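Down below is the structure, laid out as structure tokens.
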2 protein chains.
Amino acid sequence: MNAQLADPMPASQRALSAHAMAYASVGNVAVGFDILGHSVAGAGDRAVVRRIDEPTVRIAAVHGLVTDLPLDPARNTAGAALLSLRRALGLQHGFEVELHKGIALGSGMGGSAASCVAALVAANALLERPLPREALYGFALDGEVVASGSRHGDNLGPMLLGGLVLATRDRLLRLPVPNAWYCALVHPHVVLETRESRAVLASGFALGDVVAQHGNLALVLTGCHRGDASLVREGLKDVLVEPRRAPLVPGFSRVKQAALDHHALGASISGGGPSMFGWYENRGDAERAAEAMAAAFAEDGIASDRLVSPINGPAATLLDEETA
Amino acid sequence: MNAQLADPMPASQRALSAHAMAYASVGNVAVGFDILGHSVAGAGDRAVVRRIDEPTVRIAAVHGLVTDLPLDPARNTAGAALLSLRRALGLQHGFEVELHKGIALGSGMGGSAASCVAALVAANALLERPLPREALYGFALDGEVVASGSRHGDNLGPMLLGGLVLATRDRLLRLPVPNAWYCALVHPHVVLETRESRAVLASGFALGDVVAQHGNLALVLTGCHRGDASLVREGLKDVLVEPRRAPLVPGFSRVKQAALDHHALGASISGGGPSMFGWYENRGDAERAAEAMAAAFAEDGIASDRLVSPINGPAATLLDEETA
């Protein structure tokens with residue numbers, strides 16, 4: 001974050017390529033639809049970005065869990081973000097991007113956001129004057145909208161800053177969470193497209209539900225600020241969106257109950273689903289819950305992956321070139 | 001608040017009557033419809049409550065700004081609250097209540113809530129073992145519902161605890177606010193019934209507006225927790241309810257602009273209206289704003305009263321008997 005204060009580096013000494021990783025994230029976090037998310041250690045997308053002389057952005061290749069992404073930069077989340085960065089800064093040079101997908105698309109773990117953030121963090125490292133992380137947010141939103149059709153930062157924010165992040169239209173704010181608190185995140189091997197899971201939200205919401213959700217959000221935020229688990233436990237319930245999306249997640253009720261059965265602070269759908277998450281006051285509960293949630297999916301014959309991570313998960317990081 | 005720990009007082013030594021005042025409040029506070037409010041010094045309702053041998057609640061008289069309130073205790077907000085208190089505690093004795101209304105009904109300043117809280121605080125002082133303030137909340141909600149048809153605590157909460165309070169269905173939480181921050185509250189002499197101003201909220205709300213309001217609420221809460229005026233200024237905007245209620249408040253746009261023109265953190269309708277409020281970082285701005293808001297109402301030929309109070313306004317208090 002001090003990069004903004006550094007002297008510009010002579011072009012001859014600047015790296016020609018950079019490699020970054022952005023981690024998975026839990027979007028919405030039950031009470032903050034489109035505005036609240038946290039990062040999750042253990043899975044992520046990587047991007048290798050090269051500075052090129054042509055004034056353009058090229059998606060050179062997509063490897064890993066997903067390979068059939070659009071190579072047209074305007075239709076690729078990483079490409080669109082870098083196009084936006086180039087335009088805003090008036091860069092003479094362009095970028096070539098190679099993506100390594102470690103997060104499945106349509107998983108509810110921020111797969112599109114992770115490619116976008118990894119590419120931006122790598123490209124940023126190649127700039128004469130790298131920008132602070134918060135300043136990448138607008139470009140990231142320009143990328144996210146290509147994937148989901150909506151400018152929402154609840155995955156992008158925590159990937160850029162790490163931990164639990166409030167992401168409004170214009171701003172990212174990292175929120176305090178006790179380091180001891182953990183998340184269990186279980187990804188069933190079924191695909192739920194973000195656009196599909198947004199379609200069920202098209203019709204209006206009743207005032208009573210909106211007010212209840214407001215109250216829950218306020219309890220969770222206040223509980224996090226105070227490190228008071230009882231407030232979070234009281235508030236971490238989605239009464240607005242979850243009832244509409246639950247039918248889209250196979251085995252929803254059983255998996256949620258498995259999550260709650262291990263002293264959860266709360267449990268719900270991660271992002272647009274079908275992944276499910278729970279919050280816990282310690283690592284042990286989170287690990288037992290993840291196992292039970294995976295077992296619950298398995299009752300429907302659905303295989304799954306599980307991640308257990310501090311809620312204060314990692315921010316996107318630059319990696320050594322060699323690890324590409 | 002230590003009353004809950006005190007030894008019971010022998011009946012022979014206990015007072016037979018008590019006198020309490022509950023102050024006005026700003027409900028909703030733009031971003032917390034039905035869940036966020038703060039108390040306001042300078043106006044309030046008073047209640048004198050006497051312990052009587054009959055196992056009942058009587059409203060003996062209503063004086064002051066309003067006199068035509070129902071005397072049937074089940075239809076009177078103070079009466080209903082005391083009936084609920086009697087029932088819950090299994091009290092043998094009853095209460096007789098005399099109300100002194102200092103807050104106009106239908107003003108958006110919590111007039112019904114204030115009578116209810118003043119009566120409860122006075123009655124509580126007559127109990128063998130007085131309850132802590134938070135424990136009166138449920139009885140207060142039973143009273144509020146008689147007046148407004150809705151169980152909402154955004155006026156009751158700040159009246160019971162003082163200052164800015166988050167009032168969910170089951171819980172009150174006082175939120176930190178810098179002592180230097182002030183509110184300007186201007187009450188035009190027109191009546192807007194709570195039930196009328198709720199009717200415009202019957203139809204559903206669009207997801208985009210709900211999300212924007214969530215974000216604003218989160219910014220205000222985080223700004224208050226951090227004492228960061230810039231976050232509050234960014235978030236203190238009602239995009240959900242104000243657009244529907246603005247047409248019910250005469251001169252709304254002009255008055256709001258007058259409030260904003262004095263370095264406001266934000267401005268909106270107080271409670272169900274027609275009173276309008278603004279938040280400021282110091283008393284001087286709040287005083288100038290209150291004057292300008294009153295002048296804006298006057299352009300429509302509407303007289304008004306104005307209050308200028310710390311956002312950390314007072315909690316309901318017991319008064320000396322003599323001041324009744």
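No value in this document is a laboratory result; all are computed from the given coordinates. Since the model is a prediction, treat every value here as computed from it, not as a measurement. Methodologically, a virtual Cβ is constructed for each residue, glycine included, from the backbone with ideal geometry; neighbour enumeration extends over all protein chains shown.
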Checklist outcome for this item: Reduced to Cα centres, the span from region A:224-301 to region B:89-154 in Å works out to 38
Next on the checklist: Looking at chain A as a GNM with Cα springs under 10 Å, which of A:Glu287, A:Glu128, A:Glu193 has the largest mean-square fluctuation?
Outcome noted: A:Glu128
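Scaled to the compact-protein estimate 2.2 N^0.38 Å, what is the alpha-carbon radius of gyration of region B:88-147, rounded to two decimal places? Walk me through the numbers on the way to the answer.
Working: Rg = 12.2 Å, N = 60, 2.2 N^0.38 = 10.4 Å.
Here the answer is 1.17, to two decimals.
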Checklist entry - So what's the back-of-envelope 222 nm ellipticity for chain B, counting only DSSP H runs of four-plus at -39500 (n - 2.57) apiece and dividing by all residues, rounded to 500? => result -10000 deg cm²/dmol
Checklist outcome for this item: Ranked by GNM mean-square fluctuation in chain A (Cα springs under 10 Å), the top entry among A:Ser84, A:Ser115, A:Ser230 is A:Ser230
Item to check | Pairs of Cα atoms farther than 25 Å apart, region B:2-173, % | outcome: 25
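Hey, what does the equivalent ellipsoid look like for the protein assembly as shown, semi-axes from the Cα gyration tensor as sqrt of 5 times each eigenvalue, largest first, whole Å? Kindly include the intermediate steps, with their values, before the conclusion.
Values: eigenvalues 536, 158, 79 Å².
One finds semi-axes of 52, 28, 20 Å for the protein assembly as shown.
For region A:247-324, compute Rg over Rh where Rg is the Cα radius of gyration and Rh is the Kirkwood radius from the inverse mean 1/r over Cα pairs. Don't jump to the answer; show the numbers that get you there.
Working: Rg = 14.4 Å, Rh = 13.5 Å.
We get a ratio of 1.07 for region A:247-324.
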Checklist outcome for this item: When A:His189, A:His262 are arranged by how many other beta-carbons sit within 10 Å of their Cβ, fewest first, they go A:His189, A:His262
Checklist entry - Helix B:207-226 versus the longest principal axis of chain B: what angle, 0 to 90°, nearest 10, using Cα atoms? => result 70
Next on the checklist: I need A:Val49, B:Val190 ordered by Cβ neighbour count within 10 Å, fewest first.
Outcome noted: B:Val190, A:Val49
Checklist entry - Any idea how far apart A:Ser230 and A:Leu65 come out in nm if each label point goes 7 Å out from Cα toward Cβ? => result 3.9
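What average count of beta carbons from other chains do you get within 10 Å of the Cβ of residues in B:222-228? Provide the component values of the computation, followed by the final result.
On the way: counts 7, 1, 2, 7, 2, 0, 1.
Across the residues of B:222-228, the mean count of other-chain Cβ atoms within 10 Å is 3.
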Next on the checklist: Nearest 10 degrees is fine. How inclined is helix A:283-299 to the longest principal axis of chain A, computing both from alpha carbons?
Outcome noted: 80
Next on the checklist: Quick check: residue separation of B:Arg283 and B:Leu89 times 0.36 nm, minus the Cα distance between them. What number comes out in nm?
Outcome noted: 65.5 nm
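Based on the Kirkwood radius over alpha-carbon pairs, what is the Stokes-Einstein translational diffusion coefficient of region B:176-239 at 4 °C with 1.567 mPa s viscosity, in µm²/s?
For these conditions, the coefficient is 91 µm²/s.
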Checklist entry - When the scattering of region B:176-310 is computed by the Debye formula from its Cα atoms alone, each counted once and equally, what is log10 I(q)/I(0) at q = 0.13 Å⁻¹? => result -0.55
Next on the checklist: Using a 7 Å offset from the Cα along the Cα-to-Cβ direction at both B:Asn179 and B:Glu299, what is the distance between the two label points in nm, to one decimal?
Outcome noted: 3.8
Next on the checklist: Among B:119-125, A:197-203, how do they line up by average Cβ neighbours within 10 Å per residue, starting with the highest?
Outcome noted: B:119-125, A:197-203
Checklist outcome for this item: Expressed to two decimals, chain B has a Cα Rg over Rh, using the Kirkwood radius, of 0.98
Checklist entry - Does anyone have the angle between helix B:77-89 and the longest principal axis of chain B? Alpha-carbon axes, 0 to 90°, nearest 10? => result 50
